[in-house]
């Protein structure tokens, strides 16, 4: 658990290598992520992540300040917690409280988010990846995606079609529950959907991925996380 009462200024999340610990929270939870310069999904091999300028902790939140870097390119961050000192576990519950806060009329349309469970072996992702809540900030249309089978198949659960008057610019709690034979997705305690198709059974890590979308309109703003919680299934 982390409730982000332990401040960390901009720059303190800078890291030079993968898996370097850059922050330890108020409940002893340590964090790592991708270093500055790492490419993201849509950056075409260029820098997509710059945690040294994006991430900070203040006023009880983990703050993603999404903006253009000194070279004019949009940058995000992909922090990952280590419950019990280990990023990986098989089955459990992952929950966080988030608010998306655009600074202008662009509504952060250069960015998207995909908080995900990701397997130890990258090549297993088509069978194992689970994203929630994933979506671009253009329309703030979020979904849960449960990948299975290794060939691009996935179950998709759209939040807006199931949760009335959903607005991610307000505070919401997003939860994934994963156990033998199922993955379930919740918003504010309301079930959005459950996948039972060929559910992965190997260890995975949780990444709070917020990344550039591949456009560059100069959009900026913040994504705030008030708390995160990771549990096990009995």
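Here are a few things to note about the model shown:
- Filtering the stretch 149-170 to residues that are assigned to a loop (DSSP other than H, G, I, E, B) and at negative phi leaves 151, 163, 164, 166, 167, 168, 169, 170.
- Within the span defined as the stretch 196-214, one or more residues are outside any strand (DSSP E or B) and at pLDDT below 95.
- Residue 13 vs. criteria touching a helix residue (DSSP H, G or I) at 6+ places or on another chain (Cβ under 8 Å), surrounded by 18 or more Cβ atoms within 10 Å (Cβ to Cβ) and closer than 30 Å to residue 202 by Cα: yes
- Residue in the stretch 92-107 that is in a loop (DSSP other than H, G, I, E, B), within 30 Å of residue 184 (Cα to Cα) and at pLDDT below 95 present: yes
- Here residue 21 meets the list (1) touching a strand residue (DSSP E or B) at 6+ places or on another chain (Cβ under 7 Å); (2) surrounded by 17 or more Cβ atoms within 10 Å (Cβ to Cβ); (3) assigned to a loop (DSSP other than H, G, I, E, B) almost entirely, failing just condition (2).
- For residue 84: the one exception among (1) surrounded by fewer than 20 Cβ atoms within 10 Å (Cβ to Cβ); (2) without any contact (Cβ under 8 Å) to a residue 60 or more places away in the chain; (3) part of a loop (DSSP other than H, G, I, E, B): (3)
The values are calculated or read from the model by the stated rules, or taken from the named source; none is laboratory data. The structure displayed is predicted, hence computed values, not measured ones. All Cβ positions, glycine included, derive from the backbone under ideal geometry; neighbour counts span all protein chains shown.
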